[in-house]
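Worksheet: one structure, shown below.
The values are calculated or read from the model by the stated rules, or taken from the named source; none is laboratory data. Fair warning: this is a prediction, and the values are worked out from it, not measured in the lab. Here the Cβ positions follow ideal geometry from the backbone for every residue, glycine too, while neighbour counts run over all protein chains shown.
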Amino acid sequence: MVRAKLFVPFVYCLLLAACRKDGPEKDPITYGNAFSLQLLADKAAYKPGEVASFRINRQLAGNWKIRFRHLDELILEQPVSGSTLKLPLPTPDYKGYLVELVELAEGKELVKAAIGVDVSSDWKKFPRYGFLSKFGSIPGAEMERVMEELTRYHINGLQFYDWQYKHHQPLAGTGALPMQSWTDIANKEVRLNTLQQYIEMAHARGMKAMFYNLAFGALKDAATDGVKEEWYLFKDAERKQKDKHPLPQPFFKSDIFLTDAANREWQQYLIDQNKQVYEALAFDGYHVDALGNRGALYAYDGRQVNQARDFAPFLEAMKTAAPEKRLVMNAVNQYGQGESIASAPVDFLYTEVWHPNETYADLATILANNNYLGNGKPSVLAAYMNYTLSDNPGYFNTPGVLLTDAVIFAHGGTHLELGEHLLSKEYFPHNNLQPRDDLRTALLNYYDFIVAYQNLLRDGGDWNSVNLSCTNQKMTINQWPPVSGNVSLLSKKIGNRQLLQLLNFNQATELNWRDDRGQQQKPALIENATLRCTLGQTVRKIWVASPDRLQGAPEEISFEQQGNELVFTLPSLLYWTMIVIE
């Protein structure tokens with residue numbers, strides 16, 4: 001269903017038409033041409049002590065070895081040959097690692113391929129959320145390709161978007177006797193066996209499978225399925241106008257009429273429907289959608305309701321009814337997040353970002369607020385890139401996507417963007433924009449990076465302020481938030497480590513994260529910048545890592561310290577570099 005809470009039906013018709021253009025199938029996200037050499041893992045995440053299987057995309061000839069690291073610590077180094085490798089993983093829980101494939105040639109060691117490894121017993125510590133949006137008749141080989149690619153990006157949870165028969169009756173048939181196929185809200189075919197196979201594939205790869213549905217949606221025929229008039233929400237206390245989310249027909253089955261999420265009879269009705277879903281399909285939980293702030297709304301008895309507050313009893317009821325199942329809820333532009341969602345039994349916080357949260361600084365503020373409201377729960381942002389550019393077929397603007405990802409990742413969040421294709425609109429089947437090869441390559445590095453260094457990026461710590469300057473005029477540094485033409489600094493203390501993260505806006509044409517028309521410029525590469533910082537501790541070691549360099553491998557660098565003054569040379573900065581001072 002449409003998620004753009006600011007959309008009008010006419011715009012949505014255009015969007016749908018764009019999704020249904022005749023012509024060749026759009027290029028999928030692929031890493032096949034991104035690197036000449038690739039390490040591929042059999043799972044997106046592993047249990048502690050599990051054995052990970054890796055495949056190399058060609059036979060190795062020459063002198064090669066594997067390095068296995070936690071942060072900059074070398075855990076294992078051994079020769080490797082052939083095209084497969086099995087690696088017993090350590091037993092500590094919630095740790096990130098980097099596997100490097102290193103070639104020894106002419107007396108030099110070169111990192112030729114790398115891959116992150118997440119060892120976590122539960123996805124909710126470090127969620128990396130993706131999506132699926134096509135559930136018709138799909139060849140098995142195509143499904144395998146999609147899932148292998150999402151595994152390569154370490155996506156450990158999937159939102160099954162618009163799979164449901166009706167919002168008030170998500171499964172067609174019963175749990176014991178489901179229909180073999182049906183149509184979704186947009187009259188697209190959904191096949192039961194496609195859903196079942198995708199869920200099985202997700203579980204085999206260490207991913208959670210979450211079914212999507214509104215908390216409060218009913219179609220026009222809901223009365224025939226047992227939905228009572230007393231459960232709806234109205235625009236007025238006199239019940240003259242039901243609240244509805246209009247959708248253009250006949251493209252869609254029906255408008256979506258809003259029910260009262262706090263109504264206990266509605267809750268029980270939906271619980272019973274969800275039981276049918278869980279009986280027929282091995283989903284791990286329920287991704288609960290909402291529609292943002294809809295203004296004044298009234299229950300059947302004339303009482304004005306507070307939807308933002310009422311999400312809490314709804315989520316509690318869903319969890320009580322199925323305690324073993326997971327919950328995630330969309331706080332549209334933060335609506336309901338502080339009032340109820342963040343403290344409810346959700347695995348992590350999920351925010352769909354809209355106007356007026358337009359800037360990079362706004363993304364950082366949402367992540368900081370979520371961390372506070374959720375008492376440290378991680379966050380996923382649904383933030384749709386190159387939005388207006390995506391009204392027509394074309395390509396994503398690589399600098400726009402990477403700068404936004406760098407901002408989100410450096411602040412400890414993740415970005416809902418990867419599925420059968422890269423996401424640009426809130427209607428997930430929309431697929432007008434394709435990633436160029438440079439973006440495909442970079443995204444592999446970025447997702448490896450946030451896995452390998454998740455214990456620095458997403459595992460606690462305290463933001464602080466460190467005085468850092470460049471003494472050889474290679475860059476101008478400012479404290480966050482960003483300034484066009486400058487490099488922005490984020491500082492965080494975690495354990496005995498001081499993190500300095502540099503985000504490069506030296507060529508930024510704007511500071512709006514969406515890069516709406518795809519005009520953001522690539523930063524100018526900075527090399528060998530001499531940096532000076534004031535730090536009132538004795539430094540043992542400095543190392544740096546960047547998703548833009550050496551496929552994320554860490555590099556120890558030399559430094560001089562006199563009193564509180566520390567001087568060192570940064571090898572390079574393109575979009576994002578992390579400096580770790582120990």
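Does any residue of region 327-334 turn out to be in a helix (DSSP H, G or I) and surrounded by 21 or more Cβ atoms within 10 Å (Cβ to Cβ)? Scanning region 327-334 turns up no residue that is in a helix (DSSP H, G or I) and surrounded by 21 or more Cβ atoms within 10 Å (Cβ to Cβ).
Every residue, every condition in (1) in a helix (DSSP H, G or I); (2) modelled with pLDDT under 95; (3) in contact with a helix residue (DSSP H, G or I) (Cβ under 9 Å, 6 or more places away or on another chain), yes or no:
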site	(1), (2), (3)
412	no, no, yes
420	no, no, yes
424	no, no, yes
427	no, no, yes
430	no, no, yes
443	yes, no, yes
446	yes, no, yes
451	yes, no, no
466	no, no, no
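Every condition in (1) modelled with pLDDT of 95 or more; (2) over 23 Å from residue 413 (Cα atoms); (3) not charged (D, E, K, R) holds for residue 153 except the one numbered (2).
Checked against the criterion of being free of Cβ contacts under 8 Å to residues at least 40 places away in the same chain and either part of a strand (DSSP E or B) or under 29 Å from residue 75 (Cα atoms) (or both), the candidates 566, 531, 570 yield just one match: 566.
Go through 405, 459, 448, 438 for me and flag whichever is touching a Ser or Thr at 6+ places or on another chain (Cβ under 6 Å) and either crowded, with 24+ Cβ neighbours inside 10 Å or closer than 26 Å to residue 98 by Cβ (or both). Exactly one residue qualifies, and that residue is 438.
Quick check: anything in region 61-69 part of a strand (DSSP E or B) and exposed (fewer than 12 other Cβ atoms within 10 Å of the Cβ)? Looking through region 61-69, none of the residues is part of a strand (DSSP E or B) and exposed (fewer than 12 other Cβ atoms within 10 Å of the Cβ).
Consider region 260-270 and keep the residues that are free of Cβ contacts under 8 Å to residues at least 60 places away in the same chain and not in a loop (DSSP other than H, G, I, E, B). The one that is nearest to residue 233 (Cα to Cα) is 266.
Report the residue count in region 518-542 for those that are among the small types (Gly, Ala, Ser) and crowded, with 17+ Cβ neighbours inside 10 Å. Please lay out each step first, then the result.
Of region 518-542, the ones among the small types (Gly, Ala, Ser) are 518, 524, 529, 536.
Okay, now just the ones that are also crowded, with 17+ Cβ neighbours inside 10 Å, so 518, 529.
Matching residues across region 518-542 total 2.
Per the conditions (1) over 20 Å from residue 505 (Cα atoms); (2) in a loop (DSSP other than H, G, I, E, B); (3) at pLDDT 95 or above; (4) out of contact with any Phe, Trp or Tyr (no Cβ under 8 Å at 6 or more places or on another chain), the sole criterion not satisfied by residue 519 is (1).
Evaluating residue 253 against the criteria (1) assigned to a helix (DSSP H, G or I); (2) over 26 Å from the mean Cα position of the chain (by Cα); (3) within 16 Å of residue 166 (Cα to Cα); (4) not polar (S, T, N, Q) leaves one unmet condition, (1).
Just give me the residues in region 370-407 being part of a helix (DSSP H, G or I) and over 25 Å from residue 524 (Cα atoms), in sequence order.
Once the filter is applied, which keeps residues that are part of a helix (DSSP H, G or I) and over 25 Å from residue 524 (Cα atoms), region 370-407 yields 370, 371, 372, 373, 390, 391.
Only one of the numbered conditions (1) surrounded by fewer than 24 Cβ atoms within 10 Å (Cβ to Cβ); (2) outside any helix (DSSP H, G or I) is violated by residue 364, and that is (2). Among the residues of region 378-396, the ones that are surrounded by 18 or more Cβ atoms within 10 Å (Cβ to Cβ) and touching a strand residue (DSSP E or B) at 6+ places or on another chain (Cβ under 9 Å) come to 12 in all.
Quick grid of which residues meet (1) at positive phi; (2) in a strand (DSSP E or B); (3) without any contact (Cβ under 8 Å) to a residue 24 or more places away in the chain:
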position	(1), (2), (3)
211	no, yes, no
220	no, no, no
224	no, no, yes
227	no, no, no
237	no, no, no
249	no, no, yes
